[in-house]
Amino acid sequence: MNKPDSSNYKLAGIDSLKCDNHYATLPAHFYNKQMPDGISDPKMVSLNPQVLALLGLDNADADSDALLQLCSGNYLPSGFEPLAMKYTGHQFGHYNPDLGDGRGLLLAQVKGCDDAVNTTWDLHLKGAGKTPYSRQGDGRAVLRSSIREYLCSAAMQGLGIPTTQALSVVVGSDAVMREQVEQAAMVVRVAESHVRFGHFEHFYYTQQLDDLKLMLDYTLTKHFPDALTADVPYLAFYKQVMTTTAELMAHWQAVGFVHGVMNTDNMSILGQTFDYGPFAFQDNFDPAYVCNHTDYSGRYAFNQQPQVGYWNLMALGRALTPFMDVESLNAVLQTYDDIFLAKFRELMRGKLGLQQVHDTDGELIKNLLEILAGSAVDYTYFFRSLSDFDSAEDADNSPIRDQFIDREAFDAWVVKYQQRLVLESSVDEVRKVRMNQVNPKYILRNYLAQQAITQATDYDYSLVNELLEVLTNPFAEHPEFEKFAALPPEWGRKMVLSCSS
Ligand code: AMP
Ligand code: MG
């Protein structure tokens, strides 16, 4: 581990990143300091220019050997102090005390490009080798799952849904054993924080209450400064986490995203989509869709997500009980449903092109979801096409009707939709513009991710990069990439994915 052999690279780039490694100021038993275990013969599969810009880096840095070596665990600029975080969490409802960064390292916390906002970005290298928390794992990540995390981070960002981001995917020549032999790869995840619900659970369940307090005070100071001045700072913190989590669940439900592994160690304290594994976007709408093939009970089915968010917040709340009375925590939790529902309705109204709030909206939305499920209509395609709905025309003549097997159900719903549009004097052309700004034309359908992975396995990274470009701006038309808006082929529908990554 040292400087790469790169006499011709420009030192002004990554070597000038300013580190502020505040997590490393916590006591030594909160983490394990260690060097990454780099991968051999690294090649840059893709680099996200938007994330590069967040860090104040530019195109010249993008081509530098130093950046490639950093993203593959072979080089650390000065000031980088890699560490594996200790945390625990509830996995599928059961507490697991043995978790932690088992194959990822927080490389450094670096100042963002915009000094004014004073953001520090965690650079987290996923696939960086074994740590004390690896259990039976090999500490590695494979190309397949790395591409999925990389593309979905960009897709969620493009959709305006809170998420961690991903700077890069690199692939190496090392072989990694999963269900089959796969190529080793690494992702540099970028986020304002990698603190998870499970960080607090660790100190609670080990009854290290001084450390729990330290963890809380650290988190509030760094990430919730407003809570510090509240009457009861920890309660204000909990309220903010509850709110952002409820709103995140609303975003997932509105866009049709299934996370797949909503364990409390995969829940970001910032309410961001975190840890992409066997996730999926809805194709033919199925509220009970379970995308993770090891989720036998359907705990993390699409329609369970809002209540799992609540359950996970309860688990976080429990970890705060040494410093908070249960009644106050419960009072905060009691508001979860209302916050979720208000956000969900707001997002769904937007998807329907509605601007006003009416009493019947809840019923209109519920009814629509029922008929979409009843006819297994493609979720994304439906909403995008609804912007072309001619409100003056008879439902029988609407081409949207053809998406439904149960046409009568569509006819009945559309009458209510028409009435609702009249109620707010909606103008079709204006509504269309609005709807196309919130209903994506492009989403990361599993079949697209799979095609990109298959090509990348054969050393062709063009599809990964094309998808990145389209998903970064999923509401625009991109005529040259029309093919990415196609409905899934038969093999690509309702894919159930392996958790192995
Ligand atoms: P995940 O399901 O990816 O959220 O991982 C759950 C736990 O297993 C975390 O503590 C991970 O760090 C750890 N883990 C996952 N994959 C590996 C691996 N290949 N090697 C070591 N630890 C792993
Ligand atoms: Mg995880």
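None of the figures in this text is laboratory data; all of them are computed from the coordinates on show. On a predicted model such as this, the values are computed, not experimentally measured, just so you know. Reconstructed Cβ throughout: ideal geometry from the backbone, glycine too, with neighbour counts over all protein chains shown.
Results, tabulated for the structure shown:
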read-out: Cα gyration tensor shape for the stretch 446-492, rounded if a/c is under 1.5, else prolate or oblate; value: oblate
read-out: Charge dipole (debye, nearest 20) of the stretch 6-194; +1 at Cβ of Lys and Arg, -1 at Cβ of Asp and Glu; value: 440
read-out: Residue (of 28, 444, 94) at the positive-pole extreme of the chain, dipole from beta-carbon charges; value: 28
read-out: Unit charges on C-beta of K, R, D, E only; dipole of the chain, Debye; value: 880
read-out: For the stretch 75-89, 3J(HN,Hα) per residue [Karplus equation, 6.51 cos²θ - 1.76 cosθ + 1.60, θ = phi - 60°, Hz, x = Gly/Pro]; value: 8, 10, x, 5, x, 6, 9, x, 8, 9, 7, 8, 8, 10, x
read-out: Förster radius 41 Å - calculated FRET efficiency between residue 358 and residue 117, Cβ distance, rounded to 0.05; value: 0.60
read-out: Phi to ³J(HN,Hα) by Karplus 6.51 cos²θ - 1.76 cosθ + 1.60 over the stretch 401-406, Hz, x for Gly, Pro; value: 4, 5, 6, 9, 6, 8
read-out: Approximate spin-label separation residue 390-residue 437, in nm, with each point projected 7 Å along Cα-to-Cβ; value: 2.6
read-out: Tilt relative to the chain, helix 209-223 - C-alpha long axis, 0 to 90 degrees, to 10; value: 60
read-out: Residue 321/residue 299 FRET efficiency (R0 35 Å; Cβ-Cβ; nearest 0.05); value: 0.90
read-out: Under 5 Å, built H, 5+ apart or other chain: amide partners of residue 121; value: 110, 111, 112
read-out: Listed residue pairs exceeding 32 Å between alpha carbons, taken from 18/213; 18/343; 213/351; 351/494; 86/483; 366/441; value: 18/343; 213/351; 86/483
read-out: Reciprocal mean inverse distance between Cα atoms of the stretch 114-156 - Kirkwood radius, Å; value: 12.8
read-out: Karplus (6.51, -1.76, 1.60) ³J(HN,Hα), θ = phi - 60°, over the stretch 363-371, in Hz, Gly and Pro reported as x; value: 5, 4, 5, 4, 4, 5, 4, 5, 6
read-out: Kirkwood Rh, Cα atoms: Rg over Rh of the stretch 352-436; value: 0.92
read-out: Largest-first ellipsoid semi-axes for the stretch 6-194, taking √(5λ) over the Cα gyration tensor eigenvalues, angstrom; value: 24, 20, 17
read-out: Other-chain or far-sequence residues with amide H under 5 Å of residue 182's (modelled H); value: 176, 177
read-out: Helix 407-423 vs. the chain, principal-axis angle (Cα, 0 to 90°, nearest 10); value: 90
read-out: Rg over Rh, two decimals, the stretch 114-224 (C-alpha only, Kirkwood Rh); value: 1.04
read-out: 0 to 90° range, to nearest 10: angle between helix 143-159 axis and the chain longest Cα axis; value: 60
read-out: Calculated over the stretch 268-315: convex hull of Cα atoms, volume per residue (Å³); value: 95
read-out: Cα pair count fraction exceeding 45 Å, expressed as % - the chain; value: 14
read-out: MRE, 222 nm, helices only [DSSP H, n ≥ 4, -39500 (n - 2.57), over the chain, to nearest 500]; value: -12000 deg cm²/dmol
read-out: Residues with amide H under 5 Å from that of residue 100, placed H, sequence gap 5 or more; value: 87
read-out: Length-normalised contact order of the chain in % [C-alpha pairs under 8 Å, at least 6 apart]; value: 15
read-out: Ratio Rg/Rh, restricted to the stretch 379-482 and using Cα atoms, in which Rh is the Kirkwood radius; value: 1.10
